[in-house]
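Reviewing the structure listed below.
All of the numbers you see were taken from the coordinates with simple rules; none came from a lab. Small disclaimer: the values here were computed from a predicted structure and weren't measured. Backbone-built Cβ (ideal geometry, glycine too); neighbour counts: all protein chains shown.
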Amino acid sequence: MNIETSVNGLDAGTRSGAQVELSGVLAGLIGGVMMAIIGAALALAIGDDLWKAPKLISTFVVNPDTATAPGFLAGPVIIGSLIHLALSALFGVGFGVLTTRIWNMPLGYGAPMVLGFVYGLAIWLIAYFVVLPLVNLLVLEIYAPAFLIQNLTYGLTTGLVYGILRSSSGAGR
């Protein structure tokens with residue numbers, strides 16, 4: 001085993017360990033933004049309220065009667081978007097830890113995107129069939145195929161960005 005030491009005498013693996021979480025946060029946030037963009041496009045395509053998803057997400061903390069009113073409502077949209085981005089970052093860290101520390105995923109040959117796709121599918125399955133029915137049935141009002149497409153977009157994007165960030169940090173060398 002080759003142990004490298006950084007300039008300040010710390011094990012280089014310690015610094016790159018924090019890189020896993022940071023790369024996961026950034027990849028998750030970018031994945032979450034892409035998920036929201038695709039969600040908005042799909043909502044418009046099926047004739048649904050553009051702001052429906054963030055308003056429904058906000059019902060975790062906002063009165064459902066207020067949040068489900070039609071049109072743009074600044075408070076619920078901002079709160080729902082912040083919850084969405086926080087969860088996206090958290091799931092991004094989970095992706096990084098799972099694929100880098102637990103599975104020791106290779107960074108080449110599209111592996112991060114394939115695992116991201118599977119990760120997005122797993123998130124959708126667990127959220128749609130287990131968590132949301134127990135925690136917040138209102139979010140299930142999002143059209144199921146659109147919700148699946150959004151989660152697959154999240155997983156693919158998170159995997160792609162995570163792979164790029166880890167490769168550029170020298171983790172694959």
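General observations
- Phi angles across segment 47-62 convert, under the Karplus curve 6.51 cos²θ - 1.76 cosθ + 1.60 with θ = phi - 60°, into 3J(HN,Hα) values of x, 9, 5, 4, 9, 4, 4, x, 5, 5, 4, 5, 5, 5, 10, 10 Hz, Gly and Pro given as x.
- Close amide H contacts of MET105 (hydrogens built in the peptide plane, cut-off under 5 Å, sequence separation of 5 or more or a different chain): THR100.
- 3J(HN,Hα) along segment 133-148, derived from phi through the Karplus expression 6.51 cos²θ - 1.76 cosθ + 1.60 where θ = phi - 60°, amounts to x, 8, 9, 7, 4, 4, 5, 5, 6, 5, 3, 3, x, 5, 5, 5 Hz, with x in place of Gly and Pro.
- For segment 90-173, the alpha carbon convex hull comes to 86 Å³ per residue, rounded to a whole number.
- Mean Cβ count within 10 Å, highest first, over the residues of peptides 100-108, 25-33, 81-89: 25-33, 81-89, 100-108
- Phi-derived couplings, Karplus 6.51 cos²θ - 1.76 cosθ + 1.60 at θ = phi - 60°, listed residue by residue for segment 18-35: 5, 5, 4, 5, 4, 4, x, 4, 5, 5, x, 5, 5, x, x, 5, 5, 4 Hz, with x used for Gly and Pro.
- Segment 27-68: proportion of alpha-carbon pairs further apart than 14 angstrom, %: 53 percent
- Intensity falloff of segment 32-168 expressed as log10 I(q)/I(0), Debye formula with alpha-carbon point scatterers, at q = 0.11, 0.20, 0.21, 0.22 Å⁻¹: -0.41, -1.15, -1.23, -1.31
- Since only VAL131, GLY120, VAL20 are under comparison, the one whose Cα sits farthest along the positive direction of the charge dipole of the chain, derived from C-beta charges on Lys, Arg, Asp and Glu, is VAL20.
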